[in-house]
Amino acid sequence: RLGELASLSYGLAMTVVAMKTVTPEPAESGALVARLETLSNAIERLPRVIPPRGKGEASAAPPPCDLQDQIAALTSQMEDVVAGGPIERREKAPEQAEKGEVKKKKGGFFVSGAFSDPAYSRFALKGTAAVMISYLTYTLLDWPGIHTAMLTCFIVSLTTVGETVQKLFLRIAGCLVGALLGIVSIVFILPDTTSITSLVVLVGLVTLPAAWIAVGKPTVSYIGFQIAFALYLCILQGAEPGFDLVVARDRVIGILFGDLVVYLIFTRIFPVSTLTQLRLDLDKLIRQCRDVVKTKAAFDPAAGAIQEAGRAYATLETASANLAAYGYETFHSGNRRLRAQANKLAIKALRGFVNALAVVAAFPPPQGDAEKSEALRQLLLHAEMNLQTLAFSLAAPFDVSSGALVDSMPPALSPDDEPSPQISALEALMARLNNVKMTLFHYRRLLHTEAGAYE
């Protein structure tokens, strides 16, 4: 029941956002607001066991005609789930399908292609080489204090150059801040520490800002973990407070040495660019957006399109993280500032398009006027065709002489017809799509003229 309520509440939230987007001042709906508040209180006190209600007790509601009707319908469904009504069992949408046939993934300890894909063996060899170099270095030098170099190799070794360099920079930044706090604590605070209470207070006060950073944006959250880790390595040297600054020095040197070893190996031996995964993410995002538009063009219920839009949001976040990691591959480029600006503009354009697509996805299927329904279908098919064109342009080799694929405006209604909110939402979607096309065109041109070292 909680899973069903989560799905329905997601659709309800997207419908409310769509209504506020197309209708800044919606009609008075005080009764609906009261129902939602009552429903919220009921869900908060939802018991573990709910007596199931008979199937005949649920009344069939008419299909929604607009966004407000859809909000009322979703509210009724959630109320029915809370009251113990029967839950419709849905088949999970397949993540991968080819020519209409669903490929079932076989579970197992190893990923698919673990022994056939050379990328996995290369990664294993690079990781092993980094660890062995670190281990042999502090063993031959008889310097066990820098054993953190070996731990560092396990932590910062990631699949692509961009991800590895990003994690490496975050670890260095957090290490230096944590080591500084640790040394200050050893010199000025620990000598006056006379009880476990004082030590707990010290650890808590320094852990608090580190934890605050750790739950922040994924691009910087690891700094918080590393600050706390470096601090603990410095001040927790044994069963009692330690005052030896050599321990703090050696452990910091070990972290920096491990970062250096990983950087040299992963950027020089079989480097793997984040750009490859980024291209796959963009292709997946466009396919998911096409699925949303095709679902709307078939006039299916809005629930399916809303679920597809949710998957598009998740893919967009993954692409955003990969794009941020790709920026670390090009920090040595003379055009890095222009690249960073292009990254921001590309993500901003894609996010605006997915937001506009979610508004379109939230609309219920049209009812009544066949002429306007057909005009709406043509607009949706036009958008789907343009998404397909965009996918082909990204997959094809770049041609500087080609245009930016700016689309003409979609077929409009006659001047006497007043566009419906759904038509207006579709026109905004097409404007966002043209913005995405132009942004990605200029970004690809930048990649073509300033190819990265690891592309």
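Summary table
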read-out	value
Cβ crowding within 10 Å averaged over residues, with 261-268, 63-70 ranked highest first	261-268, 63-70
Net charge dipole size for the range 120-268 [Lys, Arg +1 and Asp, Glu -1 on Cβ; Debye, nearest 20]	600 debye
When each of K167/K344; K284/K437; K284/K348; K284/K372 is checked by Cα-Cα distance, pairs over 23 Å	K284/K372
Relative packing of peptides 156-168, 194-206, 277-289, 109-121 - highest average C-beta neighbours within 10 Å first	156-168, 277-289, 194-206, 109-121
Projected-area mean, the range 281-349, by convex hull of Cα positions, square nanometres	4.8 nm²
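Each value in this text was obtained by applying a stated rule to the coordinates, not by laboratory testing. No experiment lies behind these values; they were computed from the predicted model shown. Ideal geometry is used to build each Cβ from the backbone, glycine not excepted, and the neighbour counts take in all protein chains shown.
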